[in-house]
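Data block below; observations after.
Values in this text are rule-based calculations from the coordinates and carry no lab data. Given the structure is predicted, the values throughout are model-derived calculations rather than measurements. Here the Cβ positions follow ideal geometry from the backbone for every residue, glycine too, while neighbour counts run over all protein chains shown.
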Amino acid sequence: MSLPPLQPLSAHVSAAPQLEASAMTLVAQAGFKSVINNRPDHEGGADQPTSAAIEAAALAAGLSYRHLPVAPGYQSPDEIARFRELIDTLPKPILAFCRTGTRSGKLFQAAISA
């Protein structure tokens, strides 16, 4: 198993498409210290891994984990502010993910522009 292609957003933050719980060990081995899950549970149906499953695997791999679910088409000012707080306070480097990585990238751009 390998990680999907990652999109660097800054020196300390990258975005990825949907990650499985089993990928958390690879995320840690790649040098990341934290994971932010921007995907609501069950958005993609029953086959999508839940935040709880990913969190358990992330913690077992020694990663910090936060779940900040946001809709694909709109991120509220509160969600943007919360994402900014997470990228300012979580151990770096950080890997944020959603279905394709686009929403995490948009959140990042909005957060650093706010």
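To keep it simple, each residue is scored yes or no on (1) of a type in the set (D, E, K, R); (2) surrounded by fewer than 18 Cβ atoms within 10 Å (Cβ to Cβ).
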position: V35; (1), (2): no, no
position: R39; (1), (2): yes, no
position: T50; (1), (2): no, yes
position: R66; (1), (2): yes, no
position: T102; (1), (2): no, yes
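Give me the pairs, please: first residue somewhere in the range 4-18 and in a loop (DSSP other than H, G, I, E, B), second residue anywhere and basic (K, R) and surrounded by 17 or more Cβ atoms within 10 Å (Cβ to Cβ), beta-carbon distance under 9 Å, and either six or more positions apart or on two chains.
Q18/R39
Which residues, counting only those in the range 19-29, are in contact (Cβ under 8 Å) with a residue 40 or more places away in the chain and in a loop (DSSP other than H, G, I, E, B)? Outline the logic, then answer.
First pass over the range 19-29, keeping only residues in contact (Cβ under 8 Å) with a residue 40 or more places away in the chain: 19, 27.
Selection gives L19 alone.
On the given criteria, is G73 surrounded by fewer than 16 Cβ atoms within 10 Å (Cβ to Cβ) and farther than 22 Å from S10 by Cβ? Steps first, please.
Working: surrounded by fewer than 16 Cβ atoms within 10 Å (Cβ to Cβ): yes; farther than 22 Å from S10 by Cβ: yes.
Yes.
Among E20, E43, which is the only one that is in contact with a helix residue (DSSP H, G or I) (Cβ under 9 Å, 6 or more places away or on another chain) and of a type in the set (D, E)?
Details: E43 fails: in contact with a helix residue (DSSP H, G or I) (Cβ under 9 Å, 6 or more places away or on another chain).
Only one candidate passes the filter, namely E20.
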